[in-house]
Each structure stands twice: as structure tokens, then as C-alpha cells.
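Trainee: A single structure is presented below for examination.
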Amino acid sequence: MRKQKGFSLIELLIVVAIILIIAAIAIPNLLRSKMSANNSAAASTLRTINTSEVTYSTTFPAQGYANGLFALGPPAGGCPATGPTVANACLVDSTIGCAAGVGAGACPKSGFNYYLQSTAAAAPFGDYTATADPITWEGTGNKVYCTQADAVIKSKVGAAASLGAPETAANCKTPATYAPIQ
């Protein structure tokens, strides 16, 4: 009889076991790095919202700051050739300036929900609070961020109970609740 060439079943099982051990080590690290990237993207998006708010208040001084994310974004058909308006300033993309971003509605992007609300009931709006919280705690992010007209981005770690709603202006100002990011 001729000797057959190939791998034995034991050898194949050992290779599969090694691959599974490597995957068990690599996958949690991959998920942590994705969560870290989402956290960084959230802070960056809040910086963009701060910059957009300054531009908005400079462009429309009688209005003050925008009172919702939709006011910073484009209308449904895109930015008009006639230029920005108070209702749609075209300062952020349609993902952040989504239709849900009117009032306390959330605009989701990169694993986070974004909120923007004014502290006044009517124009001119003298202050605002922008919030970013993870859609899934410890899945898409592990920090809640907020910022106000002072443009300091603050974070709160271990805040799973406060997801799904915009942060209040008073809580965002409280140093014991939110600390500036480094």
C-alpha cells in the first residue's frame, strides 16, 4: 500500500484550536479599539458643533445660538444656492443636523446619539448644551460627553443610567458630574 499524503484529524484539530485561541484574544481588543475610536469621534463631533454654533450666532446675531441640531444642518434637499437660513444653516452634515435634531431629539452617528438644546424658551438663544451619549453602553462607547457655549468638552465615565436623553445645562456645569477632557 502507498502512504497517503495529508494532515491527520488530530493535526487539523490542533490548528483550529490555535486559531480559536488567537481569535479569543484578538476580538475583545478589536472591540475596545472600536469603542475608543467612537469616543474620540464623539468628542470631535462636539468640537464641530461648538464651532458651528459660533458661526451660527455670528451669521444670525438676532437668533443667537441654534436651538437644535436641525438648525445647524442642511434642509432635506441639500443646501440652497441662495445660502444658509436661520432654519437650516448648512454648517454640519445631514447626519448630525438630522430632522430628529429638533428640540430634544437625537441624531445618531458613529455609535453615539447627539443632542442640542437651548437654555432659553425663545430667540435670542444665549446658551446651549450639546450632549453625546453612546447608543449601547460598553458596546459603542463608555463615556457621556457634554459641552456648552464656553466650548469646553466635558466627559462623565460610568454613566450608563443617563443614556437616551440630553444632559441638562446644570449637570453639564457641575464639576463633580462632568470633568473637562484631557
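What follows is calculated from the coordinates using simple rules that are stated; it is not laboratory data. As the structure is a prediction and not an experimental result, all values here were calculated from the model. Neighbour counts are summed over all protein chains in view; Cβ atoms, including those assigned to glycine, are modelled from backbone coordinates with ideal geometry.
Trainee: Show me, for segment 86-100, the HN-Hα J-couplings you get by feeding each phi into the Karplus relation (A = 6.51, B = -1.76, C = 1.60, θ = phi - 60°), rounded to Hz, glycine and proline as x.
Mentor: Calculated HN-Hα couplings, in order: 4, 7, 8, 7, 6, 9, 10, 6, 5, 6, 7, x, 6, 4, 6 Hz.
Trainee: Among 53, 138, 167, which one shows the highest mean-square fluctuation when the chain is modelled as a Gaussian network with alpha-carbon springs under 10 Å?
Mentor: 138
Trainee: May I ask you to order 90-96, 144-150 by the average number of other C-beta atoms within 10 Å around their residues, highest value first? Kindly include the intermediate steps, with their values, before the conclusion.
Mentor: Working: 90-96: 19.7, 144-150: 22.1.
Top of the packing list down: 144-150, 90-96.
Trainee: Around residue 149, what is the net charge, scoring Lys/Arg as +1 and Asp/Glu as -1 over all other residues with Cβ under 10 Å from its Cβ?
Mentor: Values: positive: none; negative: 53, 127, 150.
Net charge in that neighbourhood comes out at -3.
Trainee: If you don't mind, another one. For segment 49-180, count all C-alpha to C-alpha pairs, find those more than 24 Å apart, and express that count as a whole percent of the total. Walk me through the numbers before you get to the answer.
Mentor: Details: 2205 of 8646 pairs.
That fraction is 26 percent.
Trainee: By how many degrees, 0 to 90 and rounded to 10, does the Cα axis of helix 9-59 deviate from the longest principal axis of the chain?
Mentor: 10
Trainee: Let me check against my output: what whole-number percent is the relative contact order of the chain, with C-alpha pairs under 8 Å and at least 6 apart?
Mentor: Details: 320 pairs, mean separation 31.9, N = 182.
Here the relative contact order equals 18 percent.
Trainee: Between residue 19 and residue 44, what length comes free when the chain is fully extended (0.36 nm per residue of separation minus the Cα-Cα distance, one decimal in nm)?
Mentor: Details: separation 25, 0.36 × 25 = 9.00 nm, distance 3.67 nm.
Extra length available between residue 19 and residue 44 comes to 5.3 nm.
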